[in-house]
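Notes follow once the structure below has been shown.
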Amino acid sequence: MTETKMSGRTIWKRNLAAPLRAFLRTESGSAGVLVAAIVAALLWANIDLGSYEAVWRTQLSLRLGHLELSRDLHTWINSGLMTLFFLVVGLETRREFDLGDLRDRRRFVLPSVAGVIGMLIPVLIFLAINHGGPGAHGWGVAMSTDTALALGLLALLGRDVPDRVRIFLLTVFVVDDLIALIVIALVYSDDIKMMPIVVAVAAFAVMLALRAASVRRGSAYVPVAIVMWGALLVSGVDPVVAGLAIGLTAFAYSPGRAELEQVSGLFRSFREQPTPKLARTAAIGLANTLSPNDRLQRIYHPWSAYVIVPLFGLANAGISIDGPFLAQAFASPVTWGVLLGYVVGKPLAVIGTSAGLTWISHGRIRPAVGWAGVLGSGTIAGVSFTVSLLIASLAFTGDQLAEAKVGVLSAAIVSSALTWSAFRVTNMLPKDKRTRALFGDMTELIDLIPEVDEKQDHVRGPAGASVTLVQYGDFQCAYCGKAEPVLRQLLGHADLRFVWRHLPLSDVHPQALLAAEAAEAAAAQGKFWQMHDLLLEHQDKLNINDLVKYAGDLGLDQKRFHDDLISQAHVGRIESDIDSADNSGVSGTPTFFINGRRHYGAYDIKSLTAAIRMARARARLGREAPATRKKVRSVDSTARRSAITSSGSSRAGKPPGGGDDEPVRFGQIRADLHR
């Protein structure tokens, strides 16, 4: 049995309509590596500070003829490798706008305001403490949350904290990293030279032109990106700005079903004639179904999370700590400015902004989480490291740099303790109050289009159930067969209704559409679910003779059943489900929706039960009005269609599942009927 089957995950589980799941898992896992790097740096610096500093002052040069670029190892890390870190930040920001909750632009109002104020208040606190002092120019150290470290620590400190809280934290501080980069470029860059900046802008324009020309080869972009980075380095502007700019221009979209069908055709061609040329064509075609954003994330995010950021921590966190130094540091306004800016300023900004905008807008603009989620996001926002130390290394030297580092590390420790306390208290609340405290009453974006219709859909379970589980399935799909026993266990719950929608993947399952028609022919005689169960139990026997036999076993009128298959009487019903799948961003099976929200990842009994339990708890809050839900769905549908169109989908400009695809879709059916 393959690993995929053992894990109970769909082939398409990493579909980009779920932009944050993999990101959060990577950041959570890398937090431990970063903490270990910080501890190693502190131990190294306190054992032998001389060797620690000597290593990072080592010169590393690149030479091409008479051209030479020479910097110390510390600079190569802070201005070189960290460019890739900010590339990932830009990619994640763009993905949130294209596919995440921020595709409803109204939801960006509160995070953007909270992000700006979350930088302004800590800076004001720092300046108030350092007013007129020599450390006042280092105000930028106190403004930026380390989102990656904060997310990782949040996962460690609040194991039962739902993803919604982590997503809220990320969206609030999307703005944080963007503004921090602007501050670095404008405030902490020296001796600005205009000609290299012009070269960098020209290189960036070339990259945009390549993208507009639909050039997908990474090798075409790499030389231009290097020119852009080098020009910024020579200009005096910190070149990490290049990474952010490139990331923000990388579109994110979900692989379209039509594109996946085309790739299946390429693979079949290779299967029939396994030549190197066809192998390369199939591999390129498969890679091209992914958006540029996803491909870049897959390459650079693990390196950023597990290598670059920990290496940055090792190179920057080392300070020699002893009693006299700590006494000096905690008597310094620089240390206290940084510490109070993060520990007091960040929570005050997040909580105050959330409460203020909710009151001013009369609830139309409010946080996507409850008060406990806002509080925990505010306290963990006091965790800073990467950008803070980067700015500190640009603003300070000597003792002031060490004092700033003490402030940053102390703020991370205190903020972590406050966050743990906040969620510890929350977990002591009664279940309903805890759910409301974490989730709040924000209307969720609905991924399922259209909503379930009892008159149109095939529904199993009570109509008044608080949780509706929708599956897009294919009767010949082995993964759907694997999910069936799990679903039967779930259907034992009295408060759950199950809906099946067809998505026959005819390009890989030649009998899937015929089986779907058989289910609909049985439905016309009142036996849909009985046929549904039989088809999933006999996935290897789905030719027309088998189907007619199943009809007889169920006591159906076999002649009517056979005639329905021959005349394709129920194709229109199946097409409506396929259109629904396209509009809902579904490209593989099985795909599940729980109360209209897409479920990602594992579909084993434990994972689905947990998701259903959470949906039931949210349903008890009774927060959504029908008019609001309709409006949110409309925004979501428009954004998704826009994302699909931006990918260059062959479906653009015609209804999904119609037009030129029809002969391909039904060709196999006609062949089966004549066997």
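The values are calculated or read from the model by the stated rules, or taken from the named source; none is laboratory data. All of these numbers come straight from a predicted model, not from anything done at the bench. Cβ coordinates were reconstructed from backbone atoms using ideal geometry, including for glycine residues, and neighbour counts include every protein chain displayed. When the accessible area is computed, the model is the full protein with side chains, heavy atoms only, and any ligands, DNA or RNA have been set aside. Shrake-Rupley method; radii C 1.70, N 1.55, O 1.52, S 1.80 Å.
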Every pair of residues 6+ apart whose Cβ atoms lie under 8 Å, when the first sits in the range 416-445 and is modelled with pLDDT of 85 or more while the second is buried (at least 21 other Cβ atoms within 10 Å of the Cβ) and among the aromatic types (Phe, Trp, Tyr) = none
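Do we have any residue at all in the range 339-357 that's assigned to a loop (DSSP other than H, G, I, E, B) and closer than 30 Å to Phe396 by Cα?
At the first step, the residues of the range 339-357 found to be assigned to a loop (DSSP other than H, G, I, E, B) are none.
No, the conditions are met nowhere in the range 339-357.
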remark   = So, first residue closer than 27 Å to Leu73 by Cα in the range 313-336, second residue exposed (fewer than 14 other Cβ atoms within 10 Å of the Cβ), Cβ within less than 7 Å, six or more apart or across chains; the pairs are Ser320/Leu49
request  = Evaluate the range 289-307: report whether one residue or more is among the hydrophobic types (A, V, I, L, M, F, W, C), open to solvent by less than 50 Å² (accessible area, probe 1.4 Å), within 23 Å of Arg95 (Cβ to Cβ) and not in a helix (DSSP H, G or I).
outcome  = yes
message = Take the conditions open to solvent by less than 50 Å² (accessible area, probe 1.4 Å), among the polar types (S, T, N, Q) and modelled with pLDDT of 90 or more and apply them to Gln525. Does it pass?
response = yes
query = How many residues does the range 369-399 contain that are assigned to a loop (DSSP other than H, G, I, E, B) and more than 29 Å from Ser354 (Cα to Cα)?
reply = 2
inquiry  = Given the condition at pLDDT below 90 and among the acidic types (Asp, Glu), answer yes or no: does some residue in the range 475-488 qualify?
reply    = yes
task = Within the range 50-86, work out how many residues are out of contact with any Gly (no Cβ under 6 Å at 6 or more places or on another chain), more than 27 Å from Leu244 (Cβ to Cβ) and at pLDDT 85 or above.
result = 8
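Just one of Thr435, Thr419, Thr426 is part of a helix (DSSP H, G or I) and under 27 Å from Val486 (Cα atoms); which is it? Break it down stepwise before answering.
Numbers: Thr419 fails: under 27 Å from Val486 (Cα atoms); Thr426 fails: under 27 Å from Val486 (Cα atoms).
Of Thr435, Thr419, Thr426, the one residue that is part of a helix (DSSP H, G or I) and under 27 Å from Val486 (Cα atoms) is Thr435.
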task = Tell me, please, whether a residue that is under 24 Å from the mean Cα position of the chain (by Cα) and surrounded by fewer than 24 Cβ atoms within 10 Å (Cβ to Cβ) can be found in the range 345-365.
result = yes
Number of the exception - Val109 against (1) farther than 27 Å from Ala392 by Cα; (2) crowded, with 23+ Cβ neighbours inside 10 Å; (3) at pLDDT 75 or above = (2)
query = Residues in the range 140-148: is at least one modelled with pLDDT under 80, buried (at least 22 other Cβ atoms within 10 Å of the Cβ) and part of a helix (DSSP H, G or I)?
reply = yes
